[in-house]
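Visitor: Quick one: structure below, then a few questions.
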Amino acid sequence: MATIKELSLKCGVSVSTVSKALNDYKDIGEETKRNILKAANEIGYFPDSNARALKTKKTYNIGVLFSTMFGHGLRNEYFAHILASFNEYATGKGYDINFIEHNVGNRKMTFLEHCRYRNFDGVCIACCADFFDNEIQQVVNSKIPVVVIDHIYNEAISILSDNMEGMRQLTQYIIDQGHKRIAYIHGTNSSVTHNRLVSFYQVLRENDLTIPNDYVIEGIYRDSVTSGLLTQRLLDLPVPPTCIIAPDDYSALGVMNTIRRNGFRIPEDISVAGYDGISVAQALEPKLTTIRQDTDRIGTEAAKQLINLIERPMVTSISNVYLKVSLMKGSSVGYVNSSDLNHLLK
């Protein structure tokens with residue numbers, strides 16, 4: 001492996017100049033910096049990680065707390081895209097990514113113990129089945145820099161899509177299509193769920209619409225089986241809804257399957273909407289009407305904010321970062337008029 005001294009000789013500069021260029025110091029000219037980085041790539045120079053850790057007091061390791069939510073784990077398309085973009089940005093900045101587990105070899109550890117054992121510079125918390133779990137709270141309340149995806153803690157930077165705006169766009173579009181009997185199967189208790197519910201009811205009120213309490217049911221995020229069972233409950237009501245909003249796109253698959261098993265057509269008889277914008281939902285027939293969350297931007301922004309907090313803690317605020325969403329109209333929400341509204345009555 002090439003050494004830093006060999007790199008300095010090749011570039012005709014001092015070892016300290018090479019070190020400053022590699023660490024992106026501002027008192028090195030851009031042209032000099034580019035030449036050194038180019039030469040480092042040509043001779044295959046990599047900084048010694050142990051030496052760098054001793055000098056900078058950092059390990060350049062980031063932990064990712066990613067619980068295998070409902071058994072899907074990294075097979076969950078939504079979070080897989082987020083973590084892929086998170087990893088791309090972080091590795092581009094010289095950091096390695098490690099998943100936080102309970103078991104390290106034969107040792108049983110809490111999440112916080114694992115973070116300290118690996119001496120992580122920072123932690124990203126994503127896709128947790130229970131954000132209120134005591135072990136997760138311990139990590140958030142520790143002195144380790146933390147960024148959280150899809151949840152809000154006062155002690156950490158939170159990266160979220162604008163869920164209130166997303167649900168506003170989706171609900172208003174459904175109403176504009178003539179629907180008045182709109183059901184919402186929402187996810188489990190969280191800040192994301194709360195904001196979507198608030199926005200849903202706000203839009204109904206703005207349009208002078210009221211719905212039965214039976215139309216709003218708590219489900220589970222990314223669980224098509226549960227959403228399918230809850231859809232059956234809605235279809236069995238004396239006055240069923242004409243449109244059902246699922247907790248997310250994956251759950252919408254269960255909603256659609258149950259509707260079809262009952263002999264109804266989508267969207268001619270009952271309309272369906274999701275939330276997330278995952279690619280599999282757009283391969284369905286009909287294409288799912290949904291809200292697209294920018295998973296690449298979420299992952300990149302989470303990595304950027306966490307690294308800023310690690311490297312520049314005194315100029316990086318602990319705040320919530322909201323990212324824009326967009327409505328994908330698809331074709332699973334059909335238009336209805338007043339004469340169509342009684343077609344599902346028992």
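The values are calculated or read from the model by the stated rules, or taken from the named source; none is laboratory data. None of the values given here were measured: they were computed from a predicted structure. Cβ coordinates were reconstructed from backbone atoms using ideal geometry, including for glycine residues, and neighbour counts include every protein chain displayed. Calculation scope for accessible area: heavy atoms of the full protein, side chains included, ligands and nucleic acids excluded. Shrake-Rupley method; radii C 1.70, N 1.55, O 1.52, S 1.80 Å.
Visitor: Just grab the label-to-label distance for Asp133 and Arg261, each label 7 Å out from Cα along the Cβ direction, in nm (one decimal).
Guide: My value for the distance between the label points is 3.0 nm.
Visitor: Then there is this: Restricting things to alpha carbons, tell me how big the stretch 232-311 is in terms of Rg and Dmax, in Å.
Guide: Here Rg and the maximum Cα pair distance are 17.2, 59 Å.
Visitor: Let a ≥ b ≥ c be the square roots of the eigenvalues of the Cα gyration tensor of the stretch 187-275; is it rounded (a/c under 1.5), or, if not, prolate (a/b larger than b/c) or oblate?
Guide: Verdict is oblate for the stretch 187-275.
Visitor: Could you name the lysines in cross-link range of Lys287, using Cα to Cα under 18 Å and dropping any fewer than eight places away on the same chain?
Guide: Qualifying lysines at Cα under 18 Å: Lys329.
Visitor: Now, a different point. Amide H to amide H under 5 Å from Asn320: which residues, 5+ apart in sequence or cross-chain, H placed 1.01 Å off N in plane?
Guide: Ser158
Visitor: Right, here's the next one. Relative contact order for the chain: what percent, with Cα pairs under 8 Å and sequence separation of 6 or more?
Guide: 18 percent
Visitor: With every protein chain present, what is the per residue accessible area of the chain (1.4 Å probe, Å²)?
Guide: Computed with neighbouring chains in place, this is 49 Å² per residue.
Visitor: How would the stretch 178-225 be classified by its alpha-carbon gyration tensor: rounded, prolate or oblate, with rounded meaning a/c under 1.5 and the a/b versus b/c comparison settling the rest?
Guide: Note, shape of the stretch 178-225 comes out oblate.
Visitor: Out of all DSSP beta bridges in the chain, what portion is antiparallel? Express it as a percent rounded to 5.
Guide: 15 percent
Visitor: With r defined as the distance between the Cβ atoms of Ala2 and Met314 and R0 fixed at 30 Å, what FRET efficiency is calculated, to the nearest 0.05?
Guide: 0.30
Visitor: At 222 nm, what helix-only mean residue ellipticity would the chain give, in deg cm²/dmol to the nearest 500, using -39500 (n - 2.57) for each DSSP H run of four or more?
Guide: The helix-only estimate for the chain comes to -13000 deg cm²/dmol at 222 nm.
Visitor: Only one of the values (i) 24.4; (ii) 20.1; (iii) 22.6 was calculated from this structure for Kirkwood radius over Cα pairs in Å; name its label.
Guide: Answer label, from the structure shown: (iii).
Visitor: Setting aside same-chain residues fewer than 8 positions from Lys58, which lysines have a Cα under 16 Å from its Cα?
Guide: Lys93, Lys143
Visitor: Considering only protein heavy atoms, what is the solvent-accessible area of Phe99 at a probe of 1.4 Å, reported in Å² to the nearest 10?
Guide: 90 Å²
Visitor: In addition: Contour minus end-to-end for Val216 and Asn98, with contour as 0.36 nm per residue of separation and end-to-end as the Cα-Cα distance?
Guide: Stretched fully, the Val216-Asn98 segment lengthens by 38.6 nm.
Visitor: Quick check: from the Cα gyration tensor, does the stretch 100-201 come out rounded (a/c under 1.5), prolate or oblate?
Guide: Verdict is prolate for the stretch 100-201.
Visitor: Describe numerically, in nm with one decimal, the distance between label points set 7 Å from Cα along Cα→Cβ at Val280 and at Lys329.
Guide: Label-label distance for Val280 and Lys329, simple model: 2.7 nm.
Visitor: Here is a further query. Looking at Ile266, His179, Ser331, which one has the Cα that reaches farthest to the positive end of the dipole of the chain (charges on Cβ: Lys, Arg +1; Asp, Glu -1)?
Guide: Ser331
Visitor: Among the aspartates and glutamates, which have Cα under 16 Å from the Cα of Lys108 when same-chain residues fewer than 8 positions away are ignored?
Guide: Excluding near neighbours in sequence, the set is Glu135.
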